[in-house]
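Everything below concerns the one structure shown next.
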Amino acid sequence: MSMLNDEPHVVQPEPEPVAYGSPPPAPPRRDHPRSSLPLTAIVAIILAAGIATAAVTAAVVTNSRNTTATTGATSAASVAASSKAGAAQSVVPLPTIYKQALPGVVTITTEARRLGRAGQGIGSGVVADMKGDIVTNSHVIAGAQQIQVTFSDGTTAAGTVVTNDTADDLAIVNVSVASSELHPIPFGNSDTVLIGDSVAAIGAPFDLSGTLTEGIVSGLHRSNPGAGNQGISAHDLIQTDAPINPGNSGGPLLNTLGKVIGINESIDSPIPGNVGVGFAVPINQVLKLLPNAAGTPNQ
C-alpha cells in the first residue's frame with residue numbers, strides 16, 4: 001500500500017492581499033542607553049588598546065623574522081654539508097684521472113732467458129710508495145736477468161725484485177731514484193667494486209707507453225682458464241672489457257675516483273690481441289704485500 005494515500009490533506013491559508021504602492025514598514029527603533037563614561041576615559045581606553053595591539057603585532061613579526069633567519073641558517077648548513085659529502089664522492093673526469101695517474105705508471109722492460117733463448121719482455125707497473133716500490137705482475141719479471149723501469153718523463157732506473165708472489169701473479173720491484181720521480185697512485189678498495197662500475201686502464205700495450213683505455217667491470221671472482229698455460233695461478237680476478245693487450249700487464253685498473261682497484265694481469269683471447277675479456281688482480285691482494293702502500297682501502 002502506498003503511504004502517500006494516508007497523509008492528511010492540509011489546507012494552506014490564503015495570503016493577505018498587499019496594497020501595491022504602499023510604503024514599506026519602518027524598521028523598529030532601538031534606543032541605546034547613553035554612555036555613563038566621560039569622553040576622556042573613552043579616549044584613554046582606545047589609546048591603550050591600540051598600544052597593546054601594536055606590541056602584539058611587533059612580537060609576532062619579530063618571532064617570524066627570527067624563525068626565518070634560523071631556518072635559513074639551518075638550510076645553508078645542510079646544503080654545505082651535503083655539498084661537501086657529494087664533493088668527496090664526485091666522479092673525476094677521465095682526462096683528469098689520466099693526468100693524475102700517468103706519472104705513477106711505469107714501463108718495465110726485461111731481459112730474460114726462457115726455454116734456453118734470450119728475449120725481451122714488456123710490461124707495466126704502478127708506483128706504490130715513496131720508497132721506490134713498484135707493483136707489477138709476477139709473470140712480467142719471470143726469469144728476468146735484467147729489469148729496466150722507465151718513468152713517464154723518460155727517466156730510467158734498474159729494478160730489483162723484492163717480492164715475487166706467483167700464487168697471485170704479483171711482484172714488487174724496487175728502484176733507487178730521486179723522490180721527485182715517485183708519484184704513488186692512491187689505492188682503492190677492491191671489495192667495494194661492483195659489476196657495471198666504470199674503469200680505466202693505463203699501460204704500455206705493444207710497447208706504446210702511456211696508453212689509456214676505458215670500459216666497465218664485466219665480472220667478479222673470475223679465474224682465467226688460459227692463464228695456466230703461462231704459469232699463472234691467479235684467481236678471484238676482476239673481469240673488465242677495458243681493452244687490455246700484451247704490455248698492459250702490471251698496469252693499474254682505476255675507478256672513477258682515480259684510485260687503483262686492480263693490477264691488469266691477462267687476457268683470454270683466441271688471437272694475440274684484445275677481444276673484450278681482460279682480467280685484473282684485486283688491489284686488496286697487493287695490500288697484503290704492501291700494507292703501507294699509497295693509502296688504505298677507502299673507496
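Here's how it looks for Asn224: its modeled amide H is under 5 Å from none belonging to a residue 5 or more places away or on a different chain.
Nearest 0.05, what FRET efficiency do Gln146 and Val92 give at R0 = 45 Å with Cβ-Cβ as r? With R0 = 45 Å, the Cβ-Cβ based efficiency is 0.75.
Using 0.36 nm times the number of residues separating Asp129 and Gln100, minus their current alpha carbon distance, what extension gain do you get? Provide the component values of the computation, followed by the final result.
Values: separation 29, 0.36 × 29 = 10.44 nm, distance 1.52 nm.
In short, 8.9 nm is gained.
The H on the amide N of Glu214, modeled in the peptide plane, is under 5 Å from the matching H of Ala201, each at least 5 residues off or on a different chain.
Each residue of region 100-106 was assigned a 3J(HN,Hα) from its phi angle through the Karplus expression (A = 6.51, B = -1.76, C = 1.60, θ = phi - 60°), giving 6, 8, 3, x, x, 10, 10 Hz with x at Gly and Pro. May I ask you to list the residues of region 255-277 whose amide nitrogen lies under 19 Å from a point 7 Å from Cα along the Cα→beta-carbon direction of Asp207? Residues 272-274 qualify, since their backbone N sits under 19 Å from the label point.
Provide Asp268, Asp153 ordered by accessible surface of protein heavy atoms (probe 1.4 Å), highest first. Show your work: numbers first, answer last.
On the way: Asp268 60, Asp153 95 Å².
From most accessible down to least: Asp153, Asp268.
The values are calculated or read from the model by the stated rules, or taken from the named source; none is laboratory data. For clarity, every value in this text was computed on a predicted model and none was experimentally measured. Reconstructed Cβ throughout: ideal geometry from the backbone, glycine too, with neighbour counts over all protein chains shown. Heads up: the accessible areas ignore ligands, DNA and RNA and are worked out on the full protein's heavy atoms, side chains in. Shrake-Rupley method; radii C 1.70, N 1.55, O 1.52, S 1.80 Å.
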